[in-house]
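All of the numbers you see were taken from the coordinates with simple rules; none came from a lab. Since the structure is predicted, the reported quantities are computational estimates derived from the model, not experimental observations. All Cβ positions, glycine included, derive from the backbone under ideal geometry; neighbour counts span all protein chains shown.
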Amino acid sequence: MSSQLTYPIEPVPAFTASALATAALLLQRRLGLPRDRVGTHIHFADGTTSRVYRETLMVGEPCAEPAVLIVQFLLKGIGRNPVMHALFRAESLLNTPLFAGFPGFRSKLWCTDRETGVYRGIYQWDVADRARGYAETLLKLLNLVSVRGSLKYHVIPGARRDEFLANPGLVMERVRPDPADAWWQLRDKPT
């Protein structure tokens with residue numbers, strides 16, 4: 001499978017194409033919202049802990065060239081206001097068309113850190129370059145609503161999300177991450 005990007009990188013056409021593809025996926029019942037990981041706590045090497053509040057899953061799509069994508073951001077203007085965060089988490093379901101129709105998307109864990117207000121997405125993608133292309137496009141959109149300097153992403157080529165969560169040490173041994181880049185690295189298995 002080629003790692004060449006197969007969609008526009010400019011945000012408006014990319015998100016429009018994704019929304020149209022997502023509509024087709026919904027009509028075909030190929031997107032699911034499993035609940036078995038909701039409530040799971042994911043512990044990161046920077047000392048933060050995120051709680052999974054939703055999962056979106058592409059049903060029945062294999063992953064030939066797996067890659068994990070981790071995205072992080074802090075929203076402007078809501079600080080640590082629990083009501084505003086609850087509203088964002090509820091509203092964020094409406095953002096599904098902004099990612100689910102991108103080529104290569106397989107799954108997303110939607111995560112929040114109630115202590116810091118940081119949001120993270122932990123994705124499974126097919127083809128690392130597609131994950132990078134999506135992340136670069138997403139950051140153009142998130143830049144409008146996020147605290148300056150809070151936007152980050154990291155791609156782990158050749159990794160499967162469930163392997164990354166179940167055995168973070170094994171994945172870290174393979175990729176040998178920079179210890180200064182701890183925001184995306186897992187400290188241990190989710191609880």
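Some observations on this one:
- Those trypsin sites (Lys or Arg not before Pro) in the stretch 94-166 that DSSP places in a loop and that have at most 11 other beta carbons within 10 Å: R148
- A simple charge model with +1 on the Cβ of Lys and Arg, -1 on the Cβ of Asp and Glu and nothing else charged puts the dipole of the chain at about 440 debye relative to its Cα centre.
- DSSP H segments from the chain that extend 18 Å or more along their own axis, Cα-based, with Kyte-Doolittle mean of 0.0 or above: 11-27
- Note that the stretch 159-167 has calculated 3J(HN,Hα) couplings of 10, 9, 4, 5, 5, 4, 6, 6, 9 Hz, one per residue in order, obtained from phi through the Karplus relation 6.51 cos²θ - 1.76 cosθ + 1.60 (θ = phi - 60°); glycine and proline are x.
- Trypsin sites (Lys or Arg not before Pro) lying in DSSP loop within the stretch 35-104, provided at most 10 other Cβ fall within 10 Å: R35, R80
- Choice from A159, A135, A45 showing the highest fluctuation, given a GNM over the chain with Cα pairs closer than 10 Å: A45
- Computed E for V59/R114 - FRET, C-beta separation, R0 25 angstrom, nearest 0.05: 0.25
- Mean residue ellipticity (222 nm) of the chain, computed from DSSP H runs ≥ 4 via -39,500 (n - 2.57), nearest 500: -9000 deg cm²/dmol
- The spread of Cα positions in the stretch 134-190, taken along each principal axis and listed from longest to shortest, comes to 36, 22, 20 Å.
- Bridging of K140 to aspartates and glutamates at a Cα separation below 12 Å is possible for E10, once same-chain residues fewer than 8 apart are set aside.
- Karplus-derived HN-Hα couplings along the stretch 66-79 (A = 6.51, B = -1.76, C = 1.60, θ = phi - 60°), whole Hz, x at Gly and Pro: x, 8, 9, 10, 10, 10, 9, 7, 10, 6, 6, x, 10, x
- Taking each residue as 0.36 nm, the span from M84 to R148 lengthens on full extension beyond its C-alpha to C-alpha distance by 21.1 nm.
- Rounded Å value of the spacing that divides the Cα centres of the stretch 28-74 and the stretch 139-170: 10
- Considering only L109, A159, Q185, and ranking their Cα positions along the charge dipole of the stretch 103-191 that arises from unit charges at the beta-carbon of Lys, Arg, Asp and Glu, the one farthest toward the positive end is L109.
- Close amide H pairs (under 5 Å, H built 1.01 Å from N) link L75 with Y119, V147, residues at least 5 positions away or on another chain.
- Most mobile of Y123, Y153, Y53 in a GNM of the chain (Cα contacts under 10 Å): Y53
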